[in-house]
Amino acid sequence: MTYSGQVTVGGPADVHELKDLMITKIAVGPMNNNAYLLRCRATDEQLLIDAANEADTLLGMIGDDGIASVVTTHQHGDHWQALAAVVAATRARTYAGRDDAEGIPVPTDVPVDDGDVIRVGHVELTARHLVGHTPGSIALVYDDPHGHPHVFTGDCLFPGGPGRTTRPEDFESLMSGLEAKVFVLPDETWIYPGHGNDTTLGTERPRLGEWHERGW
């Protein structure tokens, strides 16, 4: 079946099958958060991005193979409500942006800086530190050697604009980071956000001027 990235709370997951990586997307309530399970096809090792909520739902998706690691994209509470339960059940190693780690009540085993590489089996994800939505938000870039890049943006980029900021300087910081570290990738780059539907950089790129003008 063709992957659409359209999932609903209580509904089935959607699976994006790449040559080296399987990406399973599921939505959990009550804030329609997305969680992503990445599975290396060569080793079957798994990594979870954002144990947002509904631990039983996430553990059901993970299955008996467990996960080696879980990455929290940023410190906002709706992205880690199930983290303690998932870690207790799987003994996964935890990753989060260095500047957000103190705001996450589950200890971060590996604080992440810009450019750090997080591995799931043979697959490498490059962290991009984006300041503005929170001080330590990270996006994860998978540069697929067989196709276009795939980026997990947390709440830093959505269809239609950047994530929420509260001060003009935070907005400018987030936009600068997105333009320098994300929008340098090709138009075909697939974006997996922390809430809602997926998008591509090619869809969003023409709107950059509009975002700057409106200031959010």
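None of V131, V151, V141 is under 13 Å from T73 (Cα atoms), out of contact with any Cys (no Cβ under 9 Å at 6 or more places or on another chain) and buried (at least 23 other Cβ atoms within 10 Å of the Cβ) except V151. When we screen A55, A82, A42, A13 for residues that are under 29 Å from V131 (Cβ atoms) and either surrounded by 14 or more Cβ atoms within 10 Å (Cβ to Cβ) or in contact (Cβ under 8 Å) with a residue 12 or more places away in the chain (or both), the only hit is A82.
For region 100-151, the strands (runs of 3 or more DSSP E) that sit wholly inside it and include 3 or more residues that are under 13 Å from the mean Cα position of the chain (by Cα) and among the hydrophobic types (A, V, I, L, M, F, W, C) are 123-130, 137-143. Scan region 17-39 for residues that are touching a Ser or Thr at 6+ places or on another chain (Cβ under 9 Å) and crowded, with 19+ Cβ neighbours inside 10 Å and jot them down. Listed by number, the residues that qualify are I26, A27, V28, A35, Y36, L37, L38, R39.
Of all residues in region 86-122, those that are under 22 Å from L58 (Cα atoms) and surrounded by fewer than 17 Cβ atoms within 10 Å (Cβ to Cβ) total 9.
Return the residue satisfying two criteria in turn: it lies in region 180-204 and is charged (D, E, K, R) and surrounded by 14 or more Cβ atoms within 10 Å (Cβ to Cβ), and of such residues it is nearest to L130 (Cα to Cα). Looking at residues that are charged (D, E, K, R) and surrounded by 14 or more Cβ atoms within 10 Å (Cβ to Cβ), I get K181. Scanning region 152-176 for residues that are out of contact with any Pro (no Cβ under 9 Å at 6 or more places or on another chain) and either outside any loop (DSSP other than H, G, I, E, B) or not β-branched (V, I, T) (or both) gives G160, G161, P162, R164, R167, P168, E169, D170, E172, S173, S176. T203 meets each of the listed conditions (1) in a loop (DSSP other than H, G, I, E, B); (2) polar (S, T, N, Q); (3) farther than 29 Å from T108 by Cα apart from (1).
For region 73-86, does any single residue satisfy the condition of being among the hydroxyl-bearing types (S, T, Y), in contact with a His (Cβ under 7 Å, 6 or more places away or on another chain), under 20 Å from K25 (Cβ atoms) and not in a strand (DSSP E or B)? Checked against the condition, which is being among the hydroxyl-bearing types (S, T, Y), in contact with a His (Cβ under 7 Å, 6 or more places away or on another chain), under 20 Å from K25 (Cβ atoms) and not in a strand (DSSP E or B), region 73-86 yields at least one hit. In region 144-171, how many are over 16 Å from D198 (Cα atoms) and touching a residue at least 40 places away in the same chain (Cβ under 8 Å)? Selection size over region 144-171: 8. Selection of region 58-72 for residues being aliphatic (A, V, I, L, M) and in a helix (DSSP H, G or I) yields L58, L59, M61, I62.
For region 33-54, the criterion of being over 27 Å from R164 (Cβ atoms), assigned to a loop (DSSP other than H, G, I, E, B), modelled with pLDDT under 95 and over 17 Å from the mean Cα position of the chain (by Cα) is met by none of the residues.
The values are calculated or read from the model by the stated rules, or taken from the named source; none is laboratory data. If you're wondering where the values come from, they're calculated on a predicted model, not measured in any experiment. Every residue, glycine as well, gets a Cβ built from its backbone with ideal geometry; the counts of neighbours run over all protein chains shown.
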